[in-house]
Amino acid sequence: MNLPNKITMVRIIMIPFFIAALLIEFPFHQPLAAALFVIAALSDSLDGYLARSRNLVTDFGKFMDPLADKLLVCSALICFVQLGSVPAWIVIIIIAREFAITGLRTLAAADGIVIAASKWGKAKTMSQMIAIVIILIGNWPFYLINIPAGTIMIYIATVMTIISGVDYFIINKKVFRTM
């Protein structure tokens, strides 16, 4: 297993520790949860950079890297529902989009078509991760017009999620022509 793939696997292994730090109350559990999430999120950029710059891109990495991102983001959002930080309907939209795009990619792969990440998909992931970090740090010091920045960012992330999902289906409508 090459270094980028090892970093991806470490990101997945970090998820239960992040969840525990977020949900189990102990001294400094919230800053620890935020730190774990930030490290995991930044490792996504690192493994991608290493894979591309060192020509270490693998099928394993192409599959596991986005899966690790989805697991990390969805874990945080589901925990936020339990904690009352994010409405369930937002999390449902985000997770439904992830399932829909995964299904689209599976259909495409069956026809030998590879669906690469789009600029909208990358922007969606970035907006979700920023929203999660802001919520994790308790919206401090970010309040905009008396509305917590995490609330504003999670709505932006939801809009980005919808836009990127629609974009994937429009750009890849050829996948459905073979059905």
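Applying the selection to segment 81-120, what residues are loosely packed, with under 13 Cβ neighbours inside 10 Å, under 19 Å from the mean Cα position of the chain (by Cα) and outside any helix (DSSP H, G or I)?
ALA116
I'm told ALA40 meets every condition in (1) surrounded by 14 or more Cβ atoms within 10 Å (Cβ to Cβ); (2) free of Cβ contacts under 8 Å to residues at least 12 places away in the same chain; (3) more than 25 Å from ILE171 (Cβ to Cβ) except one. Can you identify the failing condition by its number?
(2)
Can you tell me which residue within segment 1-42, out of those that are outside any helix (DSSP H, G or I) and among the aliphatic types (A, V, I, L, M), is nearest to ILE134 (Cα to Cα)?
The extreme case among them is ILE24.
Name, by its number, the condition in (1) surrounded by 13 or more Cβ atoms within 10 Å (Cβ to Cβ); (2) modelled with pLDDT under 80 that does not hold for TRP140.
Going through (1) surrounded by 13 or more Cβ atoms within 10 Å (Cβ to Cβ); (2) modelled with pLDDT under 80 one by one, TRP140 breaks only (1).
Within segment 67-89, track down each residue that is under 18 Å from PRO148 (Cα atoms) and among the polar types (S, T, N, Q).
SER85
The values are calculated or read from the model by the stated rules, or taken from the named source; none is laboratory data. Bear in mind the structure is a predicted one, so any value in this text is a computation, not a measurement. We place every Cβ from the backbone using ideal geometry, glycine too, and count neighbours over all the protein chains shown.
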